[in-house]
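Heads up: the structure comes next, in structure tokens.
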Amino acid sequence: MYDNLNVLNDDSVNDNVYHDFNFKAPNDSPLNVHIPVNQTCTDNDNDNDTCTDLTSLGNNCVFNAVKEFYINNRKQLKIAHLNVNSIRHKIEPFREILQENIFDILTFQETKIDDSFPDNQFHVNMYKLYRQDYKSNEGGIMMYIRTDLAQFRRPDIELFSVNNENGRIEVLAVECNIKKEKWIFISLYKQPKVKTSILNECIDNIIRCLDINYNIVILGDFNINMFNTKNALSDCLDVNGLRNLVKDATCVKGEPSLIDLIVTNKPKRFSSTVSVDTEMSDFHNIVCTSTKFHVTQYKSTSFHYRSYKHFDQNSFVNDISFIPYHVVEIFDISMTVIGFGMNSLCKL
């Protein structure tokens, strides 16, 4: 399955790791739970260590496809794109892998939904969802980005979308601040019938709109086979200082072709780029890339809480009735405050 993977890192996997969870019982006594899990864990270095449980994803077809990519790039910023050919019944496997932080940024194209599908249907904890719907049976773009990354949408870039008698080019753009640097992630979809010259004009306009300090990533289904090195798109990318990171076939409809691209103006900042079949699209592979630099990962959170599972209101009220409130007479405390406190307790 992984013959086409180009993995540059060689970190080891630790299968004997423990999670500590700290809880507080109703009597305020701490309850410490020490749970062993089968997981992969980052090496000790200056970055924040993080452990992700892999056993829970054992039956996830998307994770099984990208598992080797994730293991070898777990500390890097991981970006992925898939022409999903309708997302409405396919969100669960992707929700599971996002909640385990398998990808930091994930885009879908040809989502084929409209505003009759609420955002809550596609909600993923710890991720911000962006949508650019077209029709319920055609087109559409989605993008998920971790909420702890500073980000905002760029509607000025999206103005370069095309929708006329010549066909449709869809654009969704989000700017992020990562490690005090400007990054812009642009999901771009071109209909097959749109002429390459129109696409090139769209890319030219986008690049002119951004200053030289931006780290630009344009990813999506360009519907131009890059195995054919002599094409107008390649010339456009060269002129604008852009390079496609994907080298393997991404679409297996008929003769294998390379039409799903990840294009950037900073290719030296990326390490591993792969194209693998997730069985979640008709003919398209998911394309994934990772940066050379590390990013902070989500950490497990300890929750301290008081359980009310066996709470009895009558017993509670009876207990507080034995509190010796008469002793407050020896202190200079406003009786108004005392009365307010008593009334509040009795209403519990």
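Computed from the coordinates by the stated procedures, all read-outs in this text should not be read as laboratory data. What you are looking at is a predicted structure, and each value in this text was computed from that prediction instead of being measured. Quick reminder, even Gly has a Cβ in these numbers, built from the backbone with ideal geometry, and neighbours come from all protein chains shown.
For the cross-link pairs 90/193; 135/190; 179/268; 67/292, which exceed 23 Å when the distance is taken from alpha carbon to alpha carbon? 90/193, as the Cα separations exceed 23 Å there.
Applying 0.36 nm per residue to the separation of residue 238 and residue 213 and subtracting their alpha-carbon distance, the gain on full extension is 7.2 nm.
As a proxy for reagent exposure, 323, 224, 97 were ordered by neighbouring Cβ count within 10 angstrom, fewest first; the result is 323, 224, 97. Remark: relative contact order (the stretch 93-184) = 23 percent; criterion is Cα-Cα distance under 8 angstrom and separation of 6 or more residues. Taking every C-alpha pair closer than 8 Å and separated by at least 6 residues, the mean separation divided by the residue count of the stretch 17-294 gives a relative contact order of 16 percent. Using the Cα gyration tensor of the stretch 178-275, with a ≥ b ≥ c the square roots of its eigenvalues, what is the shape: rounded (a/c below 1.5), prolate (a/b larger than b/c) or oblate (neither)? Because a/c hits 1.5 or more and a/b fails to exceed b/c, the stretch 178-275 counts as oblate. Between residue 230 and residue 88, the simple label model (points 7 Å from Cα in the Cβ direction) yields a spacing of 4.5 nm. Full extension of the chain between residue 164 and residue 320 gives 48.9 nm of extra length, using 0.36 nm per residue less the Cα-Cα distance.
The local environment of residue 65, defined by Cβ-Cβ distances under 10 Å, has a net charge of -2 under the rule Lys, Arg +1 and Asp, Glu -1. The residue 282 and residue 181 beta-carbon pair, evaluated with R₀ = 25 Å, returns a calculated FRET efficiency of approximately 0.10. With an 8 Å cut-off on Cα pairs and a minimum separation of 6 or more residues, tell me the relative contact order of the stretch 138-226 in percent. Relative contact order comes out at 26 percent.
Note on residue 129/residue 195: beta-carbon distance plugged into 1/(1 + (r/R0)^6) with R0 of 41 Å gives a FRET efficiency of 0.80. Between the stretch 208-223 and the stretch 267-292, the alpha-carbon centres lie 17 Å apart.
As a rough footprinting exposure proxy, the listed residues 239, 162 were ranked by other beta carbons within 10 Å of their own, and the order from fewest upward is 239, 162.
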